[in-house]
Amino acid sequence: LNVSAVTLYAFSTENWSRPIYEVKALMNLFKYYLNKKFTNLHQENVKVNIIGEVSPFPKIIRKYIKNIENLTENNDGMQLSLAMNYGGRDDIVRATKRISQHVLEGSLSIDKIDETLFSKYLDTSQLSYPDLIIRTAGEMLLSNFLLWQSAYSELYFSEKTWPDFKKEDLEKAIEVYSNRSRKFGNIL
């Protein structure tokens, strides 16, 4: 489908407040997929990277994250980013703290802070901004996902839940997207 980059919202900063059994089930899924299934992505030349603050995850999951990122770091095919313990607001706050620290240390002048510099401090600094955001399950909100990065993203809403979202649904979303005129805030 000529998609060069995909970011999946795997676990939000808010997901820690889910019932304990749900969080444990998600952790088990992460262990399984990061250790067993994602190595297949290396064979497909997919580069995998994780965005978000991973330190709260169990040690074994952090190990698997590091392993898959290291294994695929030189791949130059599709880029797959997993947002794990990620929240758009948290991303912005952590970027602001890093910038503030550099200003306090004197290694950054406040006059140099602009949108381009700010973007370099975000978890997604190595990623392009999303052209299309697909929201499943009939939800009509971004749910704290890529708030800074999605300023000019096209949005597509599907009634289907993520597990039921199939290739033909993705094809339909891309078709709808391809028929839109993107203006990026300009009058065309």
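Considering every residue within the range 77-86, establish whether at least one is part of a helix (DSSP H, G or I) and modelled with pLDDT of 95 or more.
no
Here's a check for you: in the range 93-102, which residue that is open to solvent by less than 50 Å² (accessible area, probe 1.4 Å) and not basic (Lys, Arg) is nearest to residue 147 (Cα to Cα)?
95
Looking only at the range 67-85, decide whether some residue is at positive phi and in contact with an Asp or Glu (Cβ under 7 Å, 6 or more places away or on another chain).
The answer is yes; a qualifying residue exists.
Taking helices (runs of 4 or more DSSP H) that do not extend beyond the range 8-75, which have at least 3 residues that are open to solvent by 90 Å² or more (accessible area, probe 1.4 Å)?
Per the criteria, 20-32, 59-72.
Select from the range 105-135 the residues that are aliphatic (A, V, I, L, M) and open to solvent by less than 60 Å² (accessible area, probe 1.4 Å) and write down the one among them that is nearest to residue 169 (Cα to Cα).
Taking the candidates together, the pick is 134.
For the range 51-74, give me the residue count where each residue is over 21 Å from residue 127 (Cβ atoms) and touching a residue at least 40 places away in the same chain (Cβ under 8 Å).
Residues meeting the conditions: 1.
Select from the range 136-177 the residues that are touching a residue at least 40 places away in the same chain (Cβ under 8 Å) and part of a helix (DSSP H, G or I) and write down the one among them that is most open to solvent (accessible area, probe 1.4 Å).
The extreme case among them is 171.
Going through the range 118-135 one residue at a time, which ones are of a type outside the set (A, V, I, L, M, F, W, C) and not in a strand (DSSP E or B)?
Answer for the range 118-135, where residues must be of a type outside the set (A, V, I, L, M, F, W, C) and not in a strand (DSSP E or B): 119, 120, 121, 123, 124, 125, 126, 128, 129, 130, 131.
Inspect the range 91-98 for any residue being in contact (Cβ under 8 Å) with a residue 12 or more places away in the chain, under 24 Å from residue 4 (Cα atoms), in a loop (DSSP other than H, G, I, E, B) and touching a strand residue (DSSP E or B) at 6+ places or on another chain (Cβ under 8 Å) and give the result as yes or no.
No, the range 91-98 contains no residue that is in contact (Cβ under 8 Å) with a residue 12 or more places away in the chain, under 24 Å from residue 4 (Cα atoms), in a loop (DSSP other than H, G, I, E, B) and touching a strand residue (DSSP E or B) at 6+ places or on another chain (Cβ under 8 Å).
The values are calculated or read from the model by the stated rules, or taken from the named source; none is laboratory data. As the structure is a prediction and not an experimental result, all values here were calculated from the model. Positions of Cβ are generated from backbone atoms using ideal geometry, with glycine treated the same way; all protein chains shown enter the neighbour counts. Protein only, heavy atoms only, side chains kept; ligands, DNA and RNA dropped before computing areas. Shrake-Rupley method; radii C 1.70, N 1.55, O 1.52, S 1.80 Å.
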